[in-house]
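The structure appears right after this line, and notes come after that.
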Ligand code: EPZ
């Protein structure tokens, strides 16, 4: 059978010319992992929720689509400022095509079942970095009286009489699990206690927003949160915290370019442990007033050992970026990934650029090389794609990074920010004929 039309696929790439003289200033955007749960709170009230400093990201756009699908009207007032208002409920379902695009869609489950007594959310599939189950979210909701069933790839949660407060002991520390249950508990009848919960700044930011809406919450930021349920929540106006992972990514970038890049809106207080590690390597992050920092570095950087752990320790979301940095630090460094079971896909991509990294079990052994040399590489997950951009910026010659979709999910206007400090970077599309 003659093919009438060649199957034409396209793939987007970023092309970077390395070793340019980068200097100037980068402004850190609002935190993606704070924006996503904060947007879901619009389901908990029929009053307007105004969010400021919302980053312009693919994941934010996906969450907007999902909330509009459910019935939230969303209006952009100006850059980063949006009004969310649940006018009428069109659907209590989070469809597969949206959940599949962004697993954080699971964050509508808690609010929907708490407020409406029903939710149907596609079971998020695994992703590149691991299977990423949501069993702990579901066990906690069951403990609060929800009846959970899995039907044709969907989670069906029913609580026709509403949720009841309960004592929840998380077997593992889960960030979105903590956030989902926090949002469910604020409208549950009675008191809910969350033990062994996540302490990330994004959890604290969500609790702050919920309290502004009238929720009773204590202990956010510790491993034990107590919530006293209320009948209803009101609208409010809230500003999203800066993105500590984007900030850490650009602190590494500045260190790679002799500290000639100043960072604004830098959330210094959320990165203590990261700063401690940078200091061990020979890099200082120096505050310059309220929320601006400059980076200073020793000539000769030192190898280190890093273990990823839950907040306040070294974040898994900065693991790949530090691997790029350590790949050109003389000596043997190690990075152990304790949170996700498969978050080393960037290793073979960095090795394609001339790095010398071997993985044994949960640990990557990084033998520093003199320099990286440009090549064609893949972005494998959101944060790994940032690591590849950092690598392309320091590599000799040209680097082409495919699958930039990952990058757009978590880094606002990254080409623009990098061009502003002198990077030679362009986006292209390649047609692949089958
Ligand atoms: C959040 O994901 C972040 N995403 C991730 O950031 C981050 O890497 C991760 O926390 C860890 O810090 C958002 O906040 C939207 P977890 P989350 O539940 O909540 C296991 C990025 O780059 N687990 O804390 O999905 C799980 O498999 C993204 O912005 C269960 O076993 O992560 C993992 O091994 C990537 N059962 C560990 O716990 C569950 O029910 C931590 O996962 C839930 C989690």
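The values are calculated or read from the model by the stated rules, or taken from the named source; none is laboratory data. Note that the structure is a prediction, hence the values are computed from the model and not measured. Counting neighbours? That spans all protein chains shown, and the Cβs are built from the backbone with ideal geometry, glycine included.
For the range 48-64, a residue qualifies if it is more than 16 Å from the ligand (Cβ to nearest atom) and either at pLDDT below 95 or touching a helix residue (DSSP H, G or I) at 6+ places or on another chain (Cβ under 9 Å) (or both), and the qualifying residues are 48, 49, 53.
Out of curiosity, is residue 288 surrounded by 22 or more Cβ atoms within 10 Å (Cβ to Cβ), more than 16 Å from the ligand (Cβ to nearest atom) and free of Cβ contacts under 8 Å to residues at least 40 places away in the same chain? Answer is no for this residue. Give me a count of the residues in the range 88-111 that are buried (at least 16 other Cβ atoms within 10 Å of the Cβ) and part of a helix (DSSP H, G or I). Summing the residues that are buried (at least 16 other Cβ atoms within 10 Å of the Cβ) and part of a helix (DSSP H, G or I) in the range 88-111 gives 12.
Taken as a whole, the condition of being within 16 Å of the ligand (Cβ to nearest atom), more than 29 Å from residue 257 (Cβ to Cβ) and in contact (Cβ under 8 Å) with a residue 60 or more places away in the chain applies to residue 41.
Would you confirm whether or not the range 347-363 contains a residue that is surrounded by 19 or more Cβ atoms within 10 Å (Cβ to Cβ), closer than 21 Å to residue 428 by Cβ and at pLDDT 95 or above? Scanning the range 347-363, I find at least one residue that is surrounded by 19 or more Cβ atoms within 10 Å (Cβ to Cβ), closer than 21 Å to residue 428 by Cβ and at pLDDT 95 or above, so the answer is yes.
Residue pairs whose Cβ atoms lie under 7 Å apart, sitting 6 or more positions apart in sequence or on different chains, and linking a residue in the range 134-146 that is in contact (Cβ under 8 Å) with a residue 24 or more places away in the chain and within 16 Å of residue 195 (Cα to Cα) to a partner that is outside any helix (DSSP H, G or I) and more than 13 Å from the ligand (Cβ to nearest atom), are 141/157; 143/166; 144/163; 144/164; 144/166; 144/188; 144/192.
Pairing each residue of the range 176-205 that is within 10 Å of residue 34 (Cα to Cα) and in contact (Cβ under 8 Å) with a residue 12 or more places away in the chain with any residue that is away from the ligand (no atom under 12 Å from the Cβ) and part of a helix (DSSP H, G or I), provided the two are 6+ apart or on different chains, yields C-beta distances under 6 Å for 201/270. The condition of being surrounded by fewer than 24 Cβ atoms within 10 Å (Cβ to Cβ), at pLDDT 95 or above and more than 16 Å from the ligand (Cβ to nearest atom) holds for only one of 147, 142, 151, 171, that being 147.
Listed by first and then second residue, the pairs linking a residue in the range 105-121 that is at positive phi to a residue that is surrounded by fewer than 24 Cβ atoms within 10 Å (Cβ to Cβ) and assigned to a strand (DSSP E or B), with Cβ atoms under 7 Å apart and 6 or more places separating them unless they lie on different chains, are 117/158. For residue 290, the conditions (1) at pLDDT below 95; (2) in contact with a strand residue (DSSP E or B) (Cβ under 7 Å, 6 or more places away or on another chain) are fulfilled apart from (2). Taken over the range 330-346, residues that are buried (at least 18 other Cβ atoms within 10 Å of the Cβ) and out of contact with any strand residue (DSSP E or B) (no Cβ under 8 Å at 6 or more places or on another chain) amount to 2.
With respect to the stated conditions, residue 187 fails to be over 24 Å from residue 312 (Cα atoms), crowded, with 22+ Cβ neighbours inside 10 Å and touching a strand residue (DSSP E or B) at 6+ places or on another chain (Cβ under 7 Å). Taking the range 392-417 as the range and being part of a helix (DSSP H, G or I), under 20 Å from the mean Cα position of the chain (by Cα) and touching a residue at least 40 places away in the same chain (Cβ under 8 Å) as the test, the residues that pass are 405, 407, 408, 409, 410, 415, 417.
If you go through the range 128-139 and keep only what is part of a loop (DSSP other than H, G, I, E, B) and either surrounded by 20 or more Cβ atoms within 10 Å (Cβ to Cβ) or more than 12 Å from the ligand (Cβ to nearest atom) (or both), you end up with just 129. Restricted to the range 366-390, and to residues there that are part of a loop (DSSP other than H, G, I, E, B) and more than 16 Å from the ligand (Cβ to nearest atom), the residue that is surrounded by the most Cβ atoms within 10 Å (Cβ to Cβ) is 372. Filtered by the rule that a residue be farther than 18 Å from residue 33 by Cα and within 10 Å of the ligand (Cβ to nearest atom), the range 97-127 gives a lone residue, 126.
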